[in-house]
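A.B. asks: Have a look at this one.
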Amino acid sequence: MATRFPLERFAQVETPFYYYDLDVLRLTLDTVVREAAKHDFVVHYAVKANANPRLLNEIRQAGLGIDCVSGGEVRCALEHGFDAKKIVFAGVGKSDWEIDLALDADIECLNVESIPEMEVINERAMAKGRVADICLRVNPNVDAHTHQYITTGMEENKFGIGLWEVEAACRRAEELPCINLVGFHFHIGSQITDMSAFQVLCTRVNELLRWAEEHKINLSVVNVGGGLGVDYEHPDEMPLPDFADYFSTFARHLELRSGQQVHFELGRSIVAQCGSLVTKVLYVKKGQKKQFAVVDAGMNDLIRPALYHAYHKIENISSALPVEKYDVVGPVCESSDCFGKEIQLPAVSRGDLIALRSAGAYGETMASRYNLRKFAQGVYSD
Ligand code: LLP
């Protein structure tokens, strides 16, 4: 399913804007739901990837739960009608008010990242006369072979409880009266396209499940996080990640005990391909060695290229002229405000619309007002 850009409509809209193809999103959601159901897997959407209300509405209607990493995200999930019992809350630094919010809303589960955090949750739950359901986030020390900034499951990363500390954390959970340990949580990183990383994760998870069984620790939830990658090179040819292969990797390799349910937290794979950042060419600036297409979107609208050297396919959706080479740059006063170098585009003129593809995940949510620029608005295919 290729995204078609309605150029006549775009002529009326102020640029830059995020364009969301809701057909792509719906097809993605149908596929995730169908493939997960084959194995009785539960999927939570990682709202950090995109919290746009129109998208959240579709995601809630598809029946997904929601994975949050801040009080703001928990509040957003509640405000957008997600059932509190489908909200999970992770994060290495939860403030007291965030813990209170989660307890008051009686969410499904807090994913706990350290023993001191567990103790604070216990205290605050006790003050409210409640018992908090928690998963222990375990750092499995698995290399996800992805960008260093989005690798989370290695010992040197700040996330989760080290393997060496799992036993102490389980014992502490048993001692604390207002903590109910329901499972283990893992997340090894993001934009992972090689299923062997997930296979290694399964091996680590199996070792821990075996250990827990031997120590009579009852676990009902095995949360393996998110991380499934998308094809940034081919947004139209490959709009859907291979959810079937992804889920069946876990189905084949996990050794579950009876009553254990597998949870996933998918962000990027659900929303990346439905979104494009659409921007207008302000000027074509010819240098001696190269030419620049200066566009009206900047790194504040989509920071991934500047921050991670991430690739987003760039298309000139207004022109069918023979191609030329451009550096596509934004107006922000930073040299890193560049979306791509030496990009072949149909010859560009002032006023052409440029689409930065696969920008539905970690685009809008990571936008800032740097240089006191405006936030780009959303435009929807329907
Ligand atoms: N669960 C946890 C605990 C996470 O930390 C994350 C993402 C996810 C789930 C969702 O992962 P996904 O399925 O989207 O890969 N801003 C970066 C990505 C940061 C990911 C942070 N954690 C980027 O633009 O590439």
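The values are calculated or read from the model by the stated rules, or taken from the named source; none is laboratory data. Note that the structure is a prediction, hence the values are computed from the model and not measured. Neighbour counts are summed over all protein chains in view; Cβ atoms, including those assigned to glycine, are modelled from backbone coordinates with ideal geometry. Just the protein is used for accessible areas: all its heavy atoms, side chains included, with ligands, DNA and RNA removed. Shrake-Rupley method; radii C 1.70, N 1.55, O 1.52, S 1.80 Å.
A.B. asks: Note down the relative contact order for the chain as a percent, whole number, built from C-alpha pairs under 8 angstrom at least six residues apart.
C.D. replies: Details: 827 pairs, mean separation 76.1, N = 382.
The value is 20 percent.
A.B. asks: Continuing with this model, one more query. Identify all lysines with a Cα-Cα distance to LYS85 below 28 Å; exclude those on the same chain that are fewer than 8 residues away in sequence.
C.D. replies: Straight-distance partners of LYS85: LYS38, LYS48, LYS94, LYS128, LYS158, LYS216.
A.B. asks: Now for a different question. With every protein chain in place, what's the accessible area of GLU233 (1.4 Å probe, Å², nearest 10)?
C.D. replies: Accessible area, nearest 10 Å²: 110 Å².
A.B. asks: How would GLU123, GLU117, GLU255 rank on accessible area, largest to smallest, probe 1.4 Å? Intermediate values should be presented prior to the final figure.
C.D. replies: Numbers: GLU123 120, GLU117 20, GLU255 95 Å².
So the residues, ranked largest to smallest area, are GLU123, GLU255, GLU117.
A.B. asks: Then there is this: Taking the chain as a Gaussian network, where each spring joins two C-alpha atoms under 10 Å apart, which residue of CYS76, CYS109, CYS135 fluctuates the most?
C.D. replies: Among CYS76, CYS109, CYS135, the largest GNM mean-square fluctuation belongs to CYS76.
A.B. asks: Using amide H atoms built 1.01 Å from N in the peptide plane, name the residues 5+ places from ASN52, or on other chains, whose amide H lies under 5 Å from its own.
C.D. replies: none
A.B. asks: Please determine, in degrees from 0 to 90 and to the nearest 10, the orientation of helix 166-175 with respect to the longest principal axis defined by the Cα atoms of the chain, where the helix direction is its Cα long axis.
C.D. replies: Roughly 60 degrees between the two axes.
A.B. asks: Continuing with the same structure: Could you list the residues of the stretch 23-67 with an amide nitrogen less than 11 Å from a label point located 7 Å from the Cα of ALA244 in the Cα-to-C-beta direction?
C.D. replies: Within reach of a label on ALA244, which here means backbone N under 11 Å from a point 7 Å along Cα→Cβ, the stretch 23-67 contributes 35.
A.B. asks: Could you state how much accessible area ARG373 has, in square angstrom rounded to the nearest 10, with a 1.4 Å probe and all protein chains kept in place?
C.D. replies: It works out to around 50 Å².
A.B. asks: Given the protein chains as shown and a 1.4 Å probe, how many square angstrom of MET366 are accessible, to the nearest 10?
C.D. replies: Only protein atoms counted, so the area is about 60 Å².
A.B. asks: Can you tell me the convex hull volume per residue for the stretch 42-92, based on C-alpha atoms, in Å³ to the nearest whole number?
C.D. replies: Details: hull volume 3.5 nm³, N = 51.
Dividing the Cα hull volume of the stretch 42-92 by its residues yields 69 Å³.
A.B. asks: Label ASP30 and LEU256 with points 7 Å out from Cα along Cα→Cβ: what is the distance between them in nm?
C.D. replies: Those two pseudo-labels are separated by 2.6 nm.
A.B. asks: Another question about this same structure. How do GLU98, GLU213, GLU364 stack up against each other in accessible area, from largest to smallest, with a 1.4 angstrom probe?
C.D. replies: Values: GLU98 20, GLU213 100, GLU364 55 Å².
Reading off the accessible areas and sorting them downward yields GLU213, GLU364, GLU98.
A.B. asks: When only C-alpha pairs under 8 Å and at least 6 residues apart count, what is the relative contact order of the stretch 114-237, in percent? Present the calculation step by step, with values, prior to reporting the outcome.
C.D. replies: Values: 191 pairs, mean separation 35.9, N = 124.
So the answer I get is 29 percent.
A.B. asks: Before anything else, pin down the relative contact order of the stretch 1-68: Cα pairs under 8 Å, at least 6 apart, normalised by residue count, whole percent.
C.D. replies: Details: 34 pairs, mean separation 22.0, N = 68.
Reported as a whole number, the value is 32 percent.
A.B. asks: Could you tell me what a quarter of the Cα convex hull surface of the stretch 22-271 works out to, in nm² with one decimal place?
C.D. replies: The Cα convex hull of the stretch 22-271, projected and averaged over all directions, gives 12.5 nm².
A.B. asks: Between THR365 and LEU282, what length in nm is gained on full extension when 0.36 nm per residue of separation is reduced by their alpha carbon distance? Before the final figure, lay out the partial values.
C.D. replies: Values: separation 83, 0.36 × 83 = 29.88 nm, distance 2.49 nm.
Taking 0.36 nm per residue and subtracting the Cα distance, the gain is 27.4 nm.
A.B. asks: So, one more: Can you compute the modelled spin-label distance between LEU372 and ALA11, with each label point 7 Å from Cα toward Cβ, in nm?
C.D. replies: Placing both labels 7 Å along Cα→Cβ, they lie 3.4 nm apart.
A.B. asks: May I ask you to work out the translational diffusion coefficient for the stretch 286-353 at 4 °C, viscosity 1.567 mPa s, via Stokes-Einstein with Rh from the Kirkwood sum over Cα pairs, reported in whole µm²/s?
C.D. replies: Working: Rh = 12.3 Å.
My calculation gives 106 µm²/s for D.
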